[in-house]
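Single-structure report; data block below.
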Amino acid sequence: MSQSRVRLPEAAGDDPISGSALALQPEALAAFNRLYGTLWSRGVLDHPSKETARLRNARKTNCVFCKNVRFAKAKEAGLSEEQVEQIRDDYANSDLSPRQKLILRYTDIFLTDPHGLDDSLKKELKAEFSPPELVELTAGLALFMGFSKIAVSLGGMPESLPTFEMPTPE
């Protein structure tokens, strides 16, 4: 387990987040869970698209938990482990769909240089996603990046985890 930079809560809940350092701020954790649940279960963007962006962020931030969890609704909607394995730096040469590759390109730009969003990519995004979908994808990326960086920065996570499925946040 990585060295925790804060003392982890003694009374961990049933899920990994409630046993993490985020639980030291219960009101913030509750607000995050409400927002995250809204994004995942009451949004307009399909689950595999959100999961593709979330997993790319996980690999870029190297969040052990995020890299190994799979949300159930994305799997039920067709995101396979074979596809997940192609969410890597050479995804452009993978068998992923053009939509998935577009999401990954946008995710990389968002995470590394949001000012680098050129007119060509903007045009592709507008052609593929409705404005509400694009807002949801972007808000999701902000949450994925921010909260995975919190988890990585505060430490206390295991060095490795098996891949496992979790219920989609409600």
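The values are calculated or read from the model by the stated rules, or taken from the named source; none is laboratory data. What you see is a predicted model; the values in this text were computed from it and never measured. No Cβ is skipped: glycine too gets one built from the backbone with ideal geometry, and neighbour counts run over all protein chains shown. For accessibility, only protein heavy atoms count, side chains too; no ligands or nucleic acids. Shrake-Rupley method; radii C 1.70, N 1.55, O 1.52, S 1.80 Å.
Brief remarks on what is shown
- The alpha carbons of region 9-108 give a radius of gyration and a Dmax of 15.0, 46 Å, in that order.
- Over the chain, dividing the summed -39,500 (n - 2.57) contributions of all DSSP H runs of at least 4 residues by the number of residues returns a 222 nm mean residue ellipticity of -17000 deg cm²/dmol.
- Shown for the chain: the carbon plus sulfur share of the solvent-accessible area, taken with all protein chains present and a 1.4 angstrom probe, equals 55%.
- Amide H to amide H distances under 5 Å link G155 with R5, where only residues 5 or more positions off or on other chains count and H is placed in the peptide plane.
- Here the calculated FRET efficiency for L134 and R7, from their Cβ-Cβ distance with R0 = 35 Å, stands at 0.30, rounded to the nearest 0.05.
- The value for the chain of Rg(Cα) / (2.2 N^0.38 Å) is 1.04.
- Base-10 log of normalised Debye intensity for region 24-76 (one unit scatterer per alpha-carbon) at q = 0.19, 0.23, 0.27, 0.28 Å⁻¹: -0.75, -0.99, -1.10, -1.11
- Plainly put, region 103-170 has a radius of gyration that is 1.06 times its Kirkwood radius, both from alpha-carbon atoms, as the Rg/Rh ratio.
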